[in-house]
Amino acid sequence: MQSKIVLLPGDGIGPEVVQQGVRVLQSIASKFGHHFEFSEHLIGGIAIDETGDALPNSTIVACKSSEAILLGAVGGPKWDDPNAKTRPEAGLLKIRKELGLFANLRPIVTFAELLDSSPLKREIIEGTDILFFRELTGGLYFGPSGLEELPDGQQRAFSTAVYTTSEVERIVRMAAQAALKRRNKLTMVDKANVLEASRLWRRVSARIMKEEFPALEYEVVLVDSMAMHLLSRPTSFDVVVTSNMFGDILTDEASMLPGSLGMLPSASLGSSGPGLYEPIHGSAPDIAGKGIANPLATILAAAMLLRHSLGLENEAVSIETAVRSVLAAGHRTADLVRRGQPSLGTIEITDHVLKALVA
Ligand code: NAD
């Protein structure tokens, strides 16, 4: 298979971890006889420095003509000035809109070897395997918002959660299709007891499930209860679908289950066109340039890229198996060990993944 993959390393540890993702993809290409053509483009703070724009047009054009995109991270203290004309994160929001990436998939899987790195009890988290679908281009983060001065000197601010029937249909359908390939259970999370937008989600979702996926087990959970259930019974969930803001908060909460940000990948998908794959962590300015960042989230994002954008399931599984075997052999980066214990650097742990891939 021949595929064009765009690399958007971004800022901080982004370039360090993306480079390791590329090494793994190159190894997969030679093992399975594929040809991946990589091209690197600007996003985030480095793009602001070089072009004045967090997402230059040349990046958008390259992404649109690719099959998939591997992103590192954007942002850092250098670009944090609240009065700045543009911010690195603007590049992320814009690329999602430009490519119509309405679904953010975040797998939350605990690794047996890392159970003790989690702040939660082993017996609660063992066996957790959840796939979140967070709606990414609608709701509270994109609806009308404003700020006004009141005559009495106060300010009044508002943000509005807006969804249409088709926006709910497409993400619920995508999540249900994923559940069919997993353990046949879909949980929809909303706040229908209070919010009109959630009541639309509930009606549309129930109809799609009844008409198109009658065989799936389907449950509805209020977002406040879900925040508790995620910590008390995470193994009871398979696929979870929810709106933009609820997904933002719940997926960060869920990221604590496996124990380290450095292990979690995510994918953003539209109905067609390239998908965007990235680790969920940020640019980690505190460790950038030290060679100690954990590249495994990015390597696992590369596995998602193979699975979801290139349809290469066996290749994806072989990366995931290699990562598990490296952890099983006891290899760890600094974020996965107690302070002072020996650990491997970014390149060294990837060397072990590469060895496991060809073994
Ligand atoms: P962060 O995820 O960058 O870092 C949080 C902590 O986790 C830090 O101590 C960091 O060293 C550690 N960490 C993160 N990734 C790691 C890895 N792969 N290996 C080892 N340790 C790792 O979050 P933050 O510090 O809140 O944000 C830093 C910058 O990143 C900010 O500018 C923020 O806006 C940006 N950010 C970007 C994204 C993105 O690009 N998608 C996401 C979140 C934050």
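The values are calculated or read from the model by the stated rules, or taken from the named source; none is laboratory data. Everything numeric here is computed off the predicted structure, so don't read it as measured data. Virtual Cβ from ideal backbone geometry, glycine too; neighbours counted across all protein chains shown.
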Odd one out for Gly282, checked against (1) over 25 Å from Glu98 (Cα atoms); (2) within 11 Å of the ligand (Cβ to nearest atom); (3) surrounded by fewer than 20 Cβ atoms within 10 Å (Cβ to Cβ) = (1)
query = Quick check: is even one residue across segment 310-330 assigned to a loop (DSSP other than H, G, I, E, B) and crowded, with 21+ Cβ neighbours inside 10 Å?
reply = no
task = Please give the number of the condition Arg87 fails out of (1) touching a helix residue (DSSP H, G or I) at 6+ places or on another chain (Cβ under 9 Å); (2) under 28 Å from Ala316 (Cβ atoms); (3) of a type in the set (D, E, K, R).
result = (2)
Residues of segment 152-186 satisfying the condition of being touching a helix residue (DSSP H, G or I) at 6+ places or on another chain (Cβ under 8 Å), surrounded by 16 or more Cβ atoms within 10 Å (Cβ to Cβ) and either among the small types (Gly, Ala, Ser) or within 16 Å of Asp238 (Cα to Cα) (or both) = Ala161, Val172, Arg173, Ala176, Leu186
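The rows are residues; the columns are (1) closer than 25 Å to Met188 by Cα; (2) of a type outside the set (Asp, Glu); (3) out of contact with any Leu (no Cβ under 8 Å at 6 or more places or on another chain).
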position	(1), (2), (3)
Val240	yes, yes, no
Phe246	yes, yes, yes
Leu261	yes, yes, yes
Ser268	yes, yes, no
His308	yes, yes, no
Arg324	no, yes, yes
query = Of the residues Glu37, Glu50, which single one is in a helix (DSSP H, G or I) and exposed (fewer than 13 other Cβ atoms within 10 Å of the Cβ)?
reply = Glu50
query = What about Val6, is it under 21 Å from Leu300 (Cβ atoms), out of contact with any Asp or Glu (no Cβ under 9 Å at 6 or more places or on another chain), within 16 Å of the ligand (Cβ to nearest atom) and not basic (Lys, Arg)?
reply = no
Filter pass, Gly14 being modelled with pLDDT of 95 or more and within 12 Å of the ligand (Cβ to nearest atom) = yes
request  = Working carefully through the options Ala293, Ala334, Ala303, find the one that is within 30 Å of Gly100 (Cβ to Cβ) and of a type outside the set (Ser, Thr, Tyr).
outcome  = Ala303
Ser118 being over 16 Å from Pro279 (Cα atoms), buried (at least 16 other Cβ atoms within 10 Å of the Cβ) and of a type in the set (Gly, Ala, Ser) = yes
message = Checking Val168 against (1) closer than 30 Å to Ala62 by Cα; (2) of a type in the set (A, V, I, L, M, F, W, C); (3) under 18 Å from the mean Cα position of the chain (by Cα): exactly one of these is not met. Which one?
response = (3)
ask   = With Met209, Met226, Met263 as the choices, which residue is buried (at least 18 other Cβ atoms within 10 Å of the Cβ), in contact with a Phe, Trp or Tyr (Cβ under 6 Å, 6 or more places away or on another chain) and over 22 Å from Gly100 (Cα atoms)?
value = Met209
ask   = Among the candidates Arg199, Arg134, which residue alone is under 25 Å from His308 (Cα atoms), surrounded by 14 or more Cβ atoms within 10 Å (Cβ to Cβ), of a type in the set (D, E, K, R) and in the same structural domain as Thr251 (by TED's automatic domain parsing)?
value = Arg134
request  = Looking only at segment 64-85, count how many residues are in a loop (DSSP other than H, G, I, E, B), within 13 Å of the ligand (Cβ to nearest atom) and of a type in the set (D, E, K, R).
outcome  = 2
